[in-house]
Amino acid sequence: MRSIIFDAYSGASGDMILGTLISLGADGEKVRKVLESAVDVSVRIGKANKNGICAVDVHIDVDHEEHARHYDELVKIVRNADLPSKVEHSALAVFELMAKAESKVHGKSLEELHFHEVGQNDALADVIGSCFAMHEIDADGIYCLPINVGGGRVKAAHGSMPVPAPATLEILQLTGLSFYGSGNRELLTPTGAAILGHFARPVENYPKGKVLSVGYGAGDADTEDPNVLRGTLIDTEDDLSRDSIEVLETNVDDVTGEVLGNLFEKLLSIGAKDVAIVPATMKKGRTGHIIKVITRPEHSAAIAREIMRETGTLGIRVIPTKHRYTADRRMDSVRVVIWGKTYDIPVKIAEDHNGEILHISAEYEDCKRVAKELNLPLKDVIRKVEEKAWNIHGPSDMF
C-alpha cells in the first residue's frame, strides 16, 4: 500500500507541504493552473538549495495587500473556486480546523471570527494547492512523524507570543499530532499544522515498507539545519497500521467506586489509550476489581505511579505487546438538518490503508448538545448523523 510519511524535523508550513508533494510527484503545472484560477495569485515553482539539500521551492505572489477575512468569506471563496469535490471538501475541513482553533483562542464564535495571516490569498493558495496535490498523489495512507515546532517567540497580529503560537497549539490538540520544540524561531505555522492535522495520522516511527520516492519542500527560514520538509512515499505491507503498546494490570480489593471513577478519568488524561475496570472475586471471597490499562510504553511509568497513588496497590503487572493492529482514523464533519435546524457534527472515520471504511462514529458531546437543544433521544441524533456520514463516505450500495 502506498503511504506518504511526512518528517517535519524542521517544521512545516503550507508552501513547504506543497513543495514536498510536488517533489514527490504531484503535477506542478496542474497545481499552478488550479491555484491561479481559484485565487488571485501568481505561482512560481522552482528549486532551492537549503544547506546542501535540493528542494522544491514554491512562491505564492500576491499583487496587493489584503484585509482580514471572516471565516464565512473563506468558505465562500473555496466553494466558488470550482474545485474537484474531494479537494473542496478537504480545503473546507482544513479551514474549519483553523477556525475552531482561532475561535477557542479568541473566545469568538465562527460567525464573529476573522483571520489575519491565514485568511490572505497566499494562505488560501497554500491550503487549496496542498489539498489538490495530496489528492493528485492519491496515497492509500498519510502519516506524520513528531513535528519540530521550533522555539522562542513569534510576532503575530495580536502581539508577541511564545512558540508554538496559540492557534498552532490548539490545532495540535484538536488533531493529536505529536510534536517537540527545538530551535529559536517558529517552525510550524497554523496553516502547516492544519493541513498535516487533517490529512495525516501521527506515528512515532516509519512503518515497515519499501521506499518508492523521497521529496523535499523548501522553507523560507535560514537555519543551521536544512529548513526543509521531507516526504517519503513508501510501499507498506499491511492493510492496517501497527503500533507498540503495553498492558498494565493490577488487582485491588479495598477501593471505593468513587475512587475508581476518578482514577479512570485521570489515567486517560495522562496517556492511557483505554482503561477497563472489571469486578472480580478475590482471595477469601472478597469482592474487588481488576484494573487494566492500554498505553504506549513511554507512558507506562507515569500511569503505574498514578494507579499506586490512587489505589494503594503495591505492584502492577506490565504485559508487553509487540504490536496491535489499528485502523487509520481521521476526523470529518457532516451537515444534518433536524426539525428545520442545520448542524455540522464531527464524525470519526476508521479505515484501512485501502481507504475501505471500517466504522464511523458520531462525536458524543456534539450529538448530546443537539439532543438536549431539541429534546430528542440521544440515540436518534447519533443514528441520523452516522447514517448521513455513511451515505457520504461509505460504499454507494450501503444504504
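Cβ-Cβ contacts under 6 Å between residues 6 or more apart (or on different chains), taken from a first residue in the stretch 167-188 that is within 26 Å of Leu268 (Cβ to Cβ) to a second residue that is open to solvent by 80 Å² or more (accessible area, probe 1.4 Å) and part of a strand (DSSP E or B), are listed as Leu172/Phe179. In the set Glu111, Glu136, only one residue is modelled with pLDDT of 90 or more and open to solvent by 30 Å² or more (accessible area, probe 1.4 Å); that residue is Glu136.
Filtered by the rule that a residue be within 25 Å of the chain's Cα centre (by Cα), surrounded by fewer than 18 Cβ atoms within 10 Å (Cβ to Cβ) and aromatic (Phe, Trp, Tyr), the stretch 337-389 gives a lone residue, Tyr364. For the stretch 277-299, taking the residues that are at pLDDT 85 or above and under 26 Å from the mean Cα position of the chain (by Cα), the one that is surrounded by the most Cβ atoms within 10 Å (Cβ to Cβ) is identified as Val293. Restricting attention to the stretch 158-212, the residues that are within 24 Å of Gly129 (Cβ to Cβ) and among the polar types (S, T, N, Q) total 4. Against the conditions (1) open to solvent by less than 70 Å² (accessible area, probe 1.4 Å); (2) within 20 Å of the chain's Cα centre (by Cα); (3) more than 23 Å from Ile171 (Cβ to Cβ); (4) without any contact (Cβ under 8 Å) to a residue 40 or more places away in the chain, Ile270 satisfies every one except (3).
Any residue at all in the stretch 162-170 that's of a type in the set (S, T, N, Q), open to solvent by 30 Å² or more (accessible area, probe 1.4 Å) and within 12 Å of the chain's Cα centre (by Cα)? No; the residues of the stretch 162-170 include none that is of a type in the set (S, T, N, Q), open to solvent by 30 Å² or more (accessible area, probe 1.4 Å) and within 12 Å of the chain's Cα centre (by Cα).
One residue stands out in the stretch 198-217 among those that are at pLDDT 95 or above and within 22 Å of the chain's Cα centre (by Cα): the one that is most open to solvent (accessible area, probe 1.4 Å), namely Tyr216.
Against the criterion of being of a type in the set (Phe, Trp, Tyr), surrounded by fewer than 18 Cβ atoms within 10 Å (Cβ to Cβ) and out of contact with any His (no Cβ under 8 Å at 6 or more places or on another chain), Tyr143 does not qualify.
The values are calculated or read from the model by the stated rules, or taken from the named source; none is laboratory data. Quantities reported herein were computed from a predicted structural model and do not represent experimental measurements. All Cβ positions, even for glycine, are placed from backbone atoms using ideal geometry, and neighbour counts span all protein chains on display. Surface areas here come from the heavy atoms of the whole protein model, side chains and all, with no ligands, DNA or RNA. Shrake-Rupley method; radii C 1.70, N 1.55, O 1.52, S 1.80 Å.
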